[in-house]
1. Within the stretch A:131-157, work out how many residues are surrounded by fewer than 24 Cβ atoms within 10 Å (Cβ to Cβ) and within 12 Å of chain B (Cβ to nearest Cβ).
2. Could you list, ordered by first residue, the pairs with Cβ atoms under 7 Å in which the first is in the stretch B:101-116 and in the same structural domain as B:VAL25 (by TED's automatic domain parsing) and the second is among the charged types (D, E, K, R), at least 6 apart or interchain?
3. Hand me the list of strands (runs of 3 or more DSSP E) wholly inside the stretch B:1-95 holding 3 or more residues that are free of Cβ contacts under 8 Å to residues at least 40 places away in the same chain.
4. Before we move on, is A:GLY165 within 25 Å of A:ALA308 (Cβ to Cβ) and either at pLDDT 95 or above or not assigned by TED's automatic domain parsing to the domain that holds A:VAL81 (or both)?
5. Please go through the stretch B:232-265 and pick out each residue that is touching a Phe, Trp or Tyr at 6+ places or on another chain (Cβ under 9 Å), closer than 19 Å to B:GLU129 by Cα and not β-branched (Val, Ile, Thr).
6. Kindly evaluate A:GLY185 against the criterion of being more than 26 Å from A:GLY273 (Cβ to Cβ) and surrounded by fewer than 24 Cβ atoms within 10 Å (Cβ to Cβ).
7. Does at least one position in the stretch B:45-59 carry a residue that is in contact with a strand residue (DSSP E or B) (Cβ under 6 Å, 6 or more places away or on another chain) and either among the acidic types (Asp, Glu) or loosely packed, with under 15 Cβ neighbours inside 10 Å (or both)?
8. Please enumerate the residues belonging to the stretch A:290-304 that are surrounded by 22 or more Cβ atoms within 10 Å (Cβ to Cβ) and in contact with a strand residue (DSSP E or B) (Cβ under 6 Å, 6 or more places away or on another chain).
2 protein chains.
Amino acid sequence: MPSAKAPSAPRGGIDLGGTKIEAIVVDGRNNVLGASRKPTPTTGEPEGVAKQLVEALGEAAQLAGVEPSRLQGVGVGSPGVVDPVSGAVSGARNLPGWDGTFELASVLAERFGTRVAVGNDVQVATDAEYKLGAGKPYKSLLGVFWGTGVGGGLILAGKPWLGRGGAGEIGHMVVKKNGAKCPCGRRGCMEAYAGRAAMEARARRQVDKGQKTDLFKLMKERGRDRLTSAIWARALDHKDKMATKLIDEAVEALGVGIASAINLLDVEAVVIGGGLGVRLGQPYAKRIAKEMQPHLFNDRHPPDVHVAALGDLGGALGAALLARSTRRGNGTPNAS
Amino acid sequence: MPSAKAPSAPRGGIDLGGTKIEAIVVDGRNNVLGASRKPTPTTGEPEGVAKQLVEALGEAAQLAGVEPSRLQGVGVGSPGVVDPVSGAVSGARNLPGWDGTFELASVLAERFGTRVAVGNDVQVATDAEYKLGAGKPYKSLLGVFWGTGVGGGLILAGKPWLGRGGAGEIGHMVVKKNGAKCPCGRRGCMEAYAGRAAMEARARRQVDKGQKTDLFKLMKERGRDRLTSAIWARALDHKDKMATKLIDEAVEALGVGIASAINLLDVEAVVIGGGLGVRLGQPYAKRIAKEMQPHLFNDRHPPDVHVAALGDLGGALGAALLARSTRRGNGTPNAS
C-alpha cells in the first residue's frame with residue numbers, strides 16, 4: 001500500500017553572496033547530495049556572475065550524479081531587489097556591474113534546462129530556518145543575519161512577509177537619531193554600529209588616529225584583504241581591546257534594534273544568523289537577548305532567541321526550498 | 001427580487017479611553033444612530049468603569065431608539081492586555097484600580113443582555129480606518145495614534161496582526177539608544193519624545209528652569225489640568241517658542257520611528273490618528289512624511305501617509321465592527 005509519499009526529484013539551491021557562491025543539490029528530504037563553492041566575480045557584468053552560478057551548480061549536480069536538466073527545479077537566493085513574477089534582479093550593488101536589471105531566472109532556466117525560482121537571499125535563509133532549522137517550533141519569527149551588513153527576514157502566521165517587496169531591512173532601522181553614518185549613506189542605522197563593513201571602517205579610522213589593534217595584523221597573517229568573521233572571532237579570543245569594544249557596541253545596537261522590532265511585531269522567536277552570528281554563536285545570541293531585555297515593552301514575555309541552526313548552508317537550503325514551489329519567482333503568497 | 005443584502009441589526013461600540021468613554025450605536029451600514037460621551041472615572045475599581053460603560057451605551061441606545069438587549073452585539077476597544085478568548089482585560093494602568101485582571105466581556109454581556117467582544121483600543125481604531133476610513137484603498141497599513149502616548153496598529157495582508165497579543169507598541173521602538181527617559185521607564189523610546197504626557201513633563205521641567213511658555217497659561221484659561229491637544233494646537237498657532245520646539249522634536253521622533261517600522265515591514269500606507277494626530281491634521285502628517293524620508297531604505301517608494309479619516313469616532317466605530325464578528329474576544333485570525 002503506497003501510503004508514504006515518495007521523495008520527489010532532486011532540486012538545486014544556490015546562495016549568491018557578495019563574496020562567495022554556494023551551490024547544492026538536495027533530495028526530496030532536503031539531504032545534501034552534492035555541494036560546490038566558488039568565489040563571486042568581483043569584476044565584469046551580471047552575465048559573468050550567471051556563468052559562475054552555472055558552473056557551481058554544474059559541479060554540485062555532478063557530485064550528486066544528476067544532470068541539471070533532470071532537477072525538479074533550481075532556486076537562487078540573491079541580493080538586490082527581486083521581481084517576484086519574472087525572477088529578474090535589480091540593483092544588486094554588492095555584485096559587479098549589477099546596478100540595473102538582469103533577467104536572472106530566465107537566463108539560468110535556459111542554461112539549466114529546468115525551471116528557476118529567484119528569491120531575496122535573506123528571506124530565503126529565513127524560510128530555511130523556519131522550515132528546517134531553529135525556527136521549526138514557531139509560526140512567527142524574525143531572522144537577523146549579522147554579517148557584512150545586517151539583513152532581516154520575517155515569517156508571520158507561517159508565511160514569509162515581504163511587504164511590497166522591500167520588507168526586512170532591519171539593519172536600517174534607526175537605533176540612534178542623528179547617529180553614526182551607515183554604509184547606506186543614512187544616519188544612525190543599526191548597521192552603522194553592527195555591520196561588519198561599518199565596524200571595519202571604524203576600526204581603520206581608529207587606527208589612523210593612533211589607536212592599537214591586532215585586527216589588521218591577523219588579516220595580513222591570513223592573507224585576507226578584509227576583516228572576516230573568523231578574524232573578528234580570533235581578535236575577541238585574544239582579548240583585543242578595540243575589537244572587543246566594537247563588538248560590544250554592535251551587540252548593543254543589535255539588542256536595541258531587535259527589541260524595537262519585537263515591540264512592533266511581537267513574534268515568537270528571533271533567529272540570529274549571518275557570518276558573525278554563526279561564527280560567534282550561542283554566547284553572543286545570549287548577549288544580544290540580554291541587551292534586548294531593557295527595551296522590551298512586554299518584558300515578562302520576551303521572544304526565544306536562537307543561533308541559526310543551518311549555519312552557512314542556510315541560504316542554499318532555503319534556495320532549494322524555493323524550487324519546491326510550483327510558481328516561478330519568489331512565490332510570495334502575501335506580497336501586496 | 002431580494003438581491004441586495006438587508007442591513008443587519010444595530011450594533012454598539014464603546015471606546016474606553018483614559019480620559020473619556022465614547023459610546024455609539026450604529027446600523028448595519030455603520031451609520032451612527034446614537035452617541036454618548038462620558039468622563040472615565042479617575043478613582044474606584046474596574047466595576048465603576050464598567051458601570052459608566054453601561055450608562056454610556058444605554059444613553060446611545062436610547063437616542064438610537066433600541067434596547068441594548070436587541071443589539072446584535074457590543075464591541076469595546078480597551079487599553080491594557082486583552083485576552084482574545086475570554087475578553088478579560090489586564091493591566092490597564094490608565095484606568096483606576098485596574099492593575100489586575102477584570103472579566104470585562106462577561107460582566108458587560110450580563111448587563112447588556114447581548115454578546116460582547118473586547119479588543120485592544122489601538123488595534124480596533126486601526127481596523128476602523130482600514131475598513132471605513134483612510135486605509136480603505138490598502139491591504140497593508142500601519143496606524144499610528146499620536147496622543148498621550150503613541151500607539152500602533154497593524155493590518156498585514158488584510159488582517160490585523162497582533163503577534164502573541166502584544167504587537168503594535170510603536171511608541172516603544174527606540175529612536176535614540178541611551179536617550180530620554182520615557183513614561184514607561186525605559187530610555188530613548190519614540191514616546192519619550194512624541195507622547196503628549198512626555199512632552200508636558202518636559203515643558204514643566206523647562207519652566208522650572210526659568211524658560212518661558214504660554215502653554216500653562218492657556219491650560220488655566222481653559223480650566224484644564226493637563227495640556228490637551230487643543231492647547232498644544234493653540235500654542236503652535238501663537239508661535240509659542242517652547243511648544244514649537246517640543247512639537248518639532250516630536251515630529252522628528254515620529255519620522256525616525258515610523259521610517260524604521262516601514263524599513264522592517266514595507267506596508268503600503270501609514271494612517272496618523274490620535275488626539276494630536278487628528279487635531280494637527282494634514283500639515284503635520286506631511287511634516288512627519290518629510291521626516292521619514294531620509295531614513296527610508298527604499299526611498300524611491302515611500303508609503304502613502306494620511307490623517308485618520310474617522311477622527312475621534314474611529315475607536316468607537318472600530319469597536320462596533322468587532323461586534324460584527326461571530327466570535328467572542330477580539331477575533332484575531334492570525335494571533336499565534
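The values are calculated or read from the model by the stated rules, or taken from the named source; none is laboratory data. Just so it is clear, the model here is predicted, and its values are computed rather than measured. Methodologically, a virtual Cβ is constructed for each residue, glycine included, from the backbone with ideal geometry; neighbour enumeration extends over all protein chains shown.
1. So the count comes out to 4.
2. B:ALA105/B:ARG328; B:ALA109/B:ARG115; B:ARG115/B:ARG328
3. Answer list for the stretch B:1-95: B:32-39.
4. Against the criterion (within 25 Å of A:ALA308 (Cβ to Cβ) and either at pLDDT 95 or above or not assigned by TED's automatic domain parsing to the domain that holds A:VAL81 (or both)), A:GLY165 qualifies.
5. Once the filter is applied, which keeps residues that are touching a Phe, Trp or Tyr at 6+ places or on another chain (Cβ under 9 Å), closer than 19 Å to B:GLU129 by Cα and not β-branched (Val, Ile, Thr), the stretch B:232-265 yields only B:LEU265.
6. When the stated conditions are applied, A:GLY185 does not pass them.
7. The answer is yes, given that some residue of the stretch B:45-59 is in contact with a strand residue (DSSP E or B) (Cβ under 6 Å, 6 or more places away or on another chain) and either among the acidic types (Asp, Glu) or loosely packed, with under 15 Cβ neighbours inside 10 Å (or both).
8. A:HIS295, A:PRO303
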